[in-house]
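Presented below is the structure to which this report refers.
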Amino acid sequence: MAMEIKAPRGTNDVLPAESYQWQLIEDAARRVSDRFGYREIRFPTFESTELFERGVGDTTDVVQKEMYTFKDKGDRSVTLRPEGTASAVRVCLEHGLFGGLLPLKAYYIISAFRYEKPQAGRFREFHQFGAELYGSASPQADREVIELASSFLKELGLDRISLNINSIGCPECRKNYHAALKEYFSSRAEELCETCRGRLDRNPMRILDCKSPVCKEIAAAAPVILDYLCDDCKDHFETLKASLDNAGISYSVDPHIVRGLDYYTRTVFEFIDPASGLTLAGGGRYDGLVTELDGKMQVCGLGFAAGLERLVGVMKDRGLFPDLPRNGVYVAAMGRSAVPAANRLATDLRALGIRAETDLMDRSLKAQMKYADKTNARFVVVIGDNEVESGSVTVKDMAGGDPFQTALTDGAREIELRVESEERR
């Protein structure tokens, strides 16, 4: 009996008929990043486990519960990346990029891995578009990163998205805030989940991000960080808000946003789809992360990441993906003697950058025409003995345009001109 093998739970296959949707989103990410001066960075799928333990934070759900960690054949502990920022900082440190031109701007499009319970918009293998900016402590950098994320979502047609912002202060602010949180949660410590009881002394802010319904209910009435900000953090946040107002970017202040990773400081933000309640993009500032990983270098940082699976789902729900337009040419051969001429024309078309297909299944002409229609070919050329003998072929426009004649020897150039004409319309 054959074994039934399926994709692992929490992962998705992208089928050929759907891949254009992902490409549309990825192309938008690259276009918008380029407008803001961000260049692509790439890094390994797995890293030393210590990178994420130190960078992401060992009190986070990601590190405590969700990382795919294993020993390699050299008995080294490695982890499939659960996010992109720690890896981006490691790349910049290892290759000395912080010693070059600042601010340093980079973006990435990656797969990432977290062992979570699969549910709507949440997967064990997922994909992200992220942007990183290093070297600037200015709130104007915060505004630029938020503007980049907003522009990206608008580029996709997602114009009914809510932006929520908050400040979680600096390490000095958080000393008093942590004390207030500890006092509040200690009075209900027995009701907290086991993980959060362990966080109470080490990092009580992580309790605010717990997914347990009981912990969420308790956290709803906890003190808010905005009441504990130092003067510098208050000024940073107020300047950011004024800059967002000046840029015409609408937002709401949500004092409950803390984000799920320990490296965040000061500004944090989330873009929410009101219809589904899903966070489509989120990020903030992480001014201490470089120091945490390097031990001595001090470089400010901030950025965001957007989940591609969630974007695909929301765009499908809103009907934002266009139908695939007809494009390319199908060259049908009527009889074996016409095959060389059909193959030659297809080769010439491809050399000109035009998608071209020929029959590989020994189909009848009728079956080839059906195939051409199903593959969304814009033009169809039928070549038989008469066409080979006369040196002339008819090109049919499958979008309803008038057919036209062209010489077989110069057919590729004539079709190229017609394709360019249609693309300009």
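Coordinate-derived values only; no laboratory data. Owing to the predicted nature of the structure, the values given are computational and were not obtained by experimental measurement. Because the Cβ atoms are built from the backbone with ideal geometry, glycine has one as well, and the counts that use them run over all protein chains shown.
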Measure out, as a whole number of angstrom, how far apart the alpha-carbon centroids of segment 81-124 and segment 375-418 sit. 49 Å
So, with points 7 Å from each Cα along the Cβ direction, the Asp75-Ala7 label distance in nm works out to 3.8 nm
So what's the angle, to the nearest 10 degrees on a 0 to 90 scale, between helix 139-155 and the longest Cα principal axis of the chain? 30 degrees
Relative to a virtual label point 7 Å from the Cα of Glu40 in the Cα→beta-carbon direction, which members of segment 93-118 show backbone nitrogen distances below 11 Å? 107-110
Over 30 Å between Cα atoms, which of Lys182/Lys234; Lys65/Lys175; Lys154/Lys396; Lys71/Lys175; Lys6/Lys73; Lys211/Lys316 qualify? Lys154/Lys396; Lys71/Lys175
Can you tell me the 0 to 90 degree angle between the C-alpha axis of helix 85-94 and the longest principal axis of the chain, rounded to 10? 90 degrees
Mean shadow area (nm²) of the C-alpha convex hull around the chain is 28.4 nm²
Taking only the alpha-carbon atoms of segment 133-180, the convex hull volume per residue, in cubic angstrom, is 94 Å³
Additional length obtainable on full extension of the chain from Asp227 to Ala242, 0.36 nm per residue less Cα span: 3.5 nm
The helix 308-317 Cα axis meets the longest alpha-carbon principal axis of the chain at an angle in degrees, between 0 and 90 and rounded to 10, of 70 degrees
Jot down the radius of gyration and Dmax of segment 33-116, Cα atoms only, both in angstrom. 14.1, 44
Amide proton proximity set for Thr267, modelled H, under 5 Å, gap of 5+: Ile168, Arg285
Using Stokes-Einstein with the Kirkwood hydrodynamic radius over Cα pairs, what translational diffusion coefficient do you get for segment 178-243 at 4 °C and a viscosity of 1.567 mPa s, in µm²/s rounded to a whole number? 100 µm²/s
Mean separation of Cα contacts under 8 Å (6+ apart) over length of segment 257-376, as relative contact order %: 16 percent
Taking the convex hull of Cα positions in segment 105-170, its mean projected area over all directions (nm²): 6.4 nm²
Rounded to whole Å, give me the distance from the Cα center of segment 253-316 to that of segment 149-205. 12 Å
Radius, Kirkwood style, for segment 171-212 when every pair of distinct Cα atoms is counted (Å): 10.3 Å
Do the sum for the chain: with -39,500 (n - 2.57) for every DSSP H run of n ≥ 4, divided by all residues, what is the mean residue ellipticity at 222 nm, to the nearest 500 deg cm²/dmol? -11500 deg cm²/dmol
Percentage of interatomic Cα-Cα distances in segment 251-369 larger than 22 Å: 63 percent
At Leu200 and Ala180, where each label point lies 7 Å from the Cα along Cα→Cβ, what is the point-to-point distance in nanometres? 2.0 nm
If you split all Cα-Cα distances of segment 329-424 into 10 Å bins from zero, what percentages do you get per bin, shortest first? 17, 56, 26, 1
